[in-house]
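Only one structure is covered here, and it is reproduced in the block below.
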Number of protein chains: 2
Amino acid sequence: MPVGAYEPPYYAVVFTSVKTEAADGGNGGAGAYGETAERMEERVKGIPGFLGMDHAGSPGGLSITVGYFRDADAIDEWRSDVEHRAAQRRGRAEWYESYTLHVAKVERSHGFERGHG
Amino acid sequence: MPVGAYEPPYYAVVFTSVKTEAADGGNGGAGAYGETAERMEERVKGIPGFLGMDHAGSPGGLSITVGYFRDADAIDEWRSDVEHRAAQRRGRAEWYESYTLHVAKVERSHGFERGHG
């Protein structure tokens, strides 16, 4: 990610989740969950106004994914995507013990990169 | 974290970072970095308007920490905390290859918990 990220205002969608054993798998989310996650990552890149995403997590623990979008319309478009909606339903049925979603408008941001100041 | 998180509006401060080898350590951030991280976690809890935090990451990869605050004043108070400022300086000098900070106002949030609907 570039130093300073994106030019505000933009949106950050913070998704924190704890997966079920079925989804957590042995090797980085193998199986249907992993395939769907990859497919969604590919698909969100096609949304006009999608800026990028960050992900962190370890098996058995909390996962955090942050998606960055230019405006609320871009988030609405992603939210209403047909494949995404099907994936969400399957997520609630099979893959998530719990999750929380925060939709937030970024007012300021800055970054640091070693050797760049 | 409770289903639905906190009552909007509130703030989410998203901190994504890649640590140096010195900070990444062998066993979950041992040494000075780990001690400082623990101390900061304890200290931020004393800020009026601090609501909670989430953290995810794995050694060698991206870490994401999200702090939740009631309002911008609470963030300003945390930002100007003397120990926190010293920790930030040391972070730039020793512990971070790179980081990005996004300060964002949460407009809506919701959650899901298995067995709670």
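The values are calculated or read from the model by the stated rules, or taken from the named source; none is laboratory data. Being a predicted model, the structure only gives us computed values, none of them experimental. So basically every Cβ, Gly included, is an ideal-geometry build from the backbone, and we count neighbours across all protein chains shown. Side chains are part of the model used for accessible areas, which takes the heavy atoms of the whole protein and leaves out ligands, DNA and RNA. Shrake-Rupley method; radii C 1.70, N 1.55, O 1.52, S 1.80 Å.
Panel values: region A:75-117, Kirkwood radius from alpha carbon pairs, Stokes-Einstein at 4 °C and 1.567 mPa s, translational diffusion coefficient 94 µm²/s. Net charge dipole, chain B: roughly 120 debye, given to the nearest 20, about the Cα centre with Cβ charges of +1 for Lys and Arg and -1 for Asp and Glu. Here chain B has an Rg and Dmax of 15.2, 47 Å, counting Cα atoms alone. Rounded to the nearest percent, how much of the accessible area of region A:10-106 (1.4 Å probe, protein heavy atoms only) is carbon and sulfur? Of the solvent-accessible surface of region A:10-106, carbon and sulfur hold 47 percent.
In nanometers and ordered shortest first, the copy-to-copy spacing of the A:Glu107 label point, defined 7 Å from Cα toward Cβ, is 1.5.
Compute for chains B and A the buried accessible surface, both sides summed, probe 1.4 Å, and express it in Å² to the nearest 100.
On the way: alone 7760 and 7760 Å², together 12070 Å².
Interface area, both chains combined: 3400 Å², rounded to the nearest 100.
For the segment A:87-100, counting C-beta atoms of other chains within 10 Å of every residue's C-beta and taking the mean gives 3.
Within the protein assembly as shown, all pairs of alpha-carbon atoms sorted by distance into 5 Å bins from zero give the percentages 1, 6, 13, 18, 20, 18, 12, 8, 3, 0. For B:Glu97, nonlocal amide neighbours, meaning residues 5 or more places apart or on other chains whose placed amide H falls under 5 Å from its own, are B:Val18, B:Lys19, B:Thr20.
With the other protein chains left in place, how much accessible area per residue, in square angstrom, belongs to region B:29-77 at a 1.4 angstrom probe?
Roughly 49 Å² per residue, with all protein chains present.
The charge dipole of the protein assembly as shown, taken about its Cα centre with unit charges on the Cβ of Lys, Arg, Asp and Glu (plus for the first two, minus for the last two), comes to roughly 140 debye.
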